Amino acid sequence: MHAAVAKALDSLESAPRRGLALALTLAVLLRLPFLDAPLQSDEGGFLMVAGQWTGGGSSLYGDQWVDRPPLLLVIFRLATVVGDSAVTLRVLALLFGLITVLAAWWAGRLINGARGGLAAAVVAAAISSSFSFAGFALTGEGIAVAFVMVSCALTLQATYDGRTSSEGLDPPDRQRSLGRGGARALLLAASAGMLAAMAFLVKQNFIDAGLFAAVVFAAAVRTNWRLLAAGAAGLLLPLVTTVVWADSDEGPGLVKLWHAVFWFRVRAVEVIHSAADSMPLDRLAGVLALFVVTGLAVLTWQLFAAVRRADGPLRLKLALLAMFGYAVFSVVAGGSWWTHYLLQFGPVLAMGTALATRRSFARLWPQLAAAVVTAASVVGCLVGVGQVATAQVEGTRDEIVGTYLRSASMPGDSVVLAYGAPAIIEISGLSTPYKYAWSLPIRARDPRLVHLVATLRGDSAPTWLVEIGDFDWWGIDTKAFQRVRTERYHVVSTVCGHNIYLRDGLVRPLPPAPSCPS
C-alpha cells in the first residue's frame, strides 16, 4: 500500500501540470453540485446593493448601506452586468477558486518544487471549495483569499527571483541573495503589494498577504531595500485610488467610508457581545468543531511541525507563523463566527503543507494530511448534495419567500424586512426604501428603529413589510414601530413562518401560500 501510494505521488510530481490539473478538477467537482443552489443571504444582499449602486445616492453605496469596502461591491456590480443570477455568482466564485488553486501551486513550487506545488494546490482546492465553509458561494472571504494567495506567490517569486533549486527554495547552504532580479523583482514586489491591498478592499480584515510580504521583504532590506519599497508602493496604489474615489462627487465621502469600514466593526462587536441571544456563541462552537472535523487542525499541527523541523528560510517560517497568528485573531475577533470565516486559513495552511514536503519531513505525511482535508471536503460535498435534494440547504426559505413576493407584487412595489435576510429583497426583484438590509447594521445604527419608523410613515413607505423571525427577535421592537404597523399595515399571508404585511389601502392578487421544507 505504501509503495503504491508513493508510486502514484511520484507520477504526479514527475509531471507537475498533471498534479495541478488534479487539484483544479477537485475544485470544480466540489462546486458543481451547487451551481444553482439558492442564494446565500450575503450573496443576495450584496447583489441587491450592487444592482442599485450607480453612483451618488444618500448612503454609502447608492441608497443602501453595508459595512464592506468598495471592491467587493464592484465585483458584485460586475455580476449584475454579466447575469443577475445565482449561477452567475457561482461561476465567478469558481473562477476565484481556480485562481486560488493556481496561485497555491505556484507558491508551493517556489517553496519545494513539484512536491510542494502538488500538496499546496490540493489543500487550497479542498479548503477553498469546501461546502462546510460555503466555498461554493461568492463570499467576501472567498474573493479575498484568491487575492491573498496570488499576492503571497508574487512575494515569493519577487524575493527569490524564480532562481530556485529543483526542490524549491534553495537550502540554507545554497541560498542566493534576495532580489537580484532587478526591475522584474521590483515589479513582482509592487504587484504583490497591489494584490494585498485588493484583498483588504474586498474585506477589511484580510491583511494577511500584506503581513506575509512585510515579514519576507523586511528580511531583504540589507541586500535590497527596494523590494520593501516597491511592495509598499504597490500597496498604496489601490488604497489611494479608493480614497480619491470616496472623496469625489461620485463617492460617499471619506467620513462615511471610514465609519462603515472601521468604526462600525467596533460598534458591531459591542452589539453582538451585549445581545442576550446565544446564537453567536453557538456558531463559535460550530466553527471550532468544523476546524477539527474538516482537517484544519491536522494542517495546523503540520504547519507548526514544519516550521520547527523542515529545512527552509527562517524568513518564510516567520512569515507563515505571523500569517497564521493573524488569521486566528481575525476569525476570533470577527464576533459573528460564520463558518466561511475559516476560508481565511486556506493560503497559510496550503503554504505550510508545501513547507512540510521538504526533505527533512516524512515522505508521505504531508500528502496524508492533504488527503485528510480532501476527504473531509468530499464528505461535506456529499452532505451538501443531500441537503440540496431535501431543500435543507441554507437560502431555500429565503428563495421561497422572495419568489412569493415577486408573484404577489406589481411594478413599482417595494419591501422592507424586519430584520435582515437581504437575499429575499434580491430574489423578489423589489426595491427597498430602508437603507439597512442586514440585521446587524439595524441593531448597531438604528437600535431604536427611528429611521425604520420614519420610512414606514413616509411618502416612500414600502408596499410590503416582512417579519423575519418576530419583530422582537433582537429585543428592539418599540412602541412607535408597533403603532405604525397597526396603523398602516395588515397581515395578508404567512410564508415559511414569516408574516407578510401589505400596506393598508392596497390590493394585490395573492398566490397560494407555498409549502416550505420542514
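If Lys and Arg each add +1 and Asp and Glu each add -1, what is the summed charge of the other residues whose beta carbon sits under 12 Å from the beta carbon of Glu426? Residues close to Glu426 contribute a combined charge of -4.
Over all distinct Cα-Cα pairs of the stretch 396-503, the Kirkwood formula returns a hydrodynamic radius of 13.6 Å.
Can you tell me the 0 to 90 degree angle between the C-alpha axis of helix 365-389 and the longest principal axis of the chain, rounded to 10? Once rounded, one gets 20 degrees. Placing +1 on the Cβ of every Lys and Arg and -1 on the Cβ of every Asp and Glu, with no other charges, gives the chain a dipole of roughly 1700 debye about its Cα centre.
Seen from Ala437, the other residues with C-beta closer than 14 Å to its C-beta sum to a net charge of -3, counting Lys and Arg as +1 and Asp and Glu as -1. By the count of neighbouring beta-carbon atoms within 10 Å, fewest first, Leu465, Leu254 end up ordered Leu254, Leu465. For the stretch 397-518, the Cβ-based charge dipole about the Cα centre amounts to some 280 debye (Lys, Arg positive; Asp, Glu negative; other atoms uncharged).
The stretch between Arg483 and Ala218 holds 89.3 nm of extra length on full extension. This uses 0.36 nm per residue minus the Cα-Cα distance. Going by alpha carbons, how many degrees (0 to 90, nearest 10) lie between the helix axis of 264-274 and the longest principal axis of the chain? It is inclined by approximately 70 degrees.
Using C-alpha pairs under 8 Å with a sequence gap of at least 6, the mean separation divided by the residue count of the chain gives a relative contact order of 18 percent.
When each of Asp413, Asp470 is scored by the number of other beta-carbon atoms lying within 10 Å, the sequence from fewest to most is Asp470, Asp413. If you take every residue apart from Phe206 with its C-beta less than 12 Å away from the C-beta of Phe206, what net charge results, scoring Lys and Arg +1 and Asp and Glu -1? With Lys, Arg at +1 and Asp, Glu at -1, the neighbours total 0. If the segment from Cys496 to Ala232 were pulled out straight at 0.36 nm per residue, it would be longer than the present Cα-Cα gap by 89.9 nm. Only helical runs count toward this figure. For the chain, summing -39,500 (n - 2.57) over DSSP H runs of n ≥ 4 and dividing by all residues gives -20000 deg cm²/dmol at 222 nm. As a proxy for reagent exposure, Lys203, Lys479, Lys317 were ordered by neighbouring Cβ count within 10 angstrom, fewest first; the result is Lys479, Lys317, Lys203. Between the listed residues Phe212, Met48, Pro511, the Cα displaced farthest toward the positive end of the dipole of the chain, a dipole computed from Cβ unit charges relative to the Cα centre, is found at Phe212. Specify which residue in the list Ser407, Leu430, Ser460 is farthest towards the positive end of the charge dipole of the stretch 396-503, using unit charges on the beta carbon of Lys, Arg (+1) and Asp, Glu (-1), about the Cα centre. The one lying farthest along the dipole's positive direction is Ser460. Relative to the longest principal axis of the Cα atoms of the chain, the long axis of helix 16-31 lies at roughly 20 degrees.
In the chain, how many lysine pairs have Cα atoms under 29 Å apart, counting only pairs 8 or more places apart or on different chains? Could you put the intermediate results ahead of the total?
Values: Lys203/Lys256; Lys203/Lys317; Lys203/Lys435; Lys256/Lys435; Lys435/Lys479.
The number of close lysine pairs in the chain is 5.
Over the C-alpha trace of the chain, radius of gyration and Dmax come out as 24.6, 83 angstrom.
All of the numbers you see were taken from the coordinates with simple rules; none came from a lab. Predicted model only: the values in this text are computed from it and were never measured. Please note: Cβ atoms are built from the backbone with ideal geometry, for glycine as well, and neighbour counts cover all protein chains shown.
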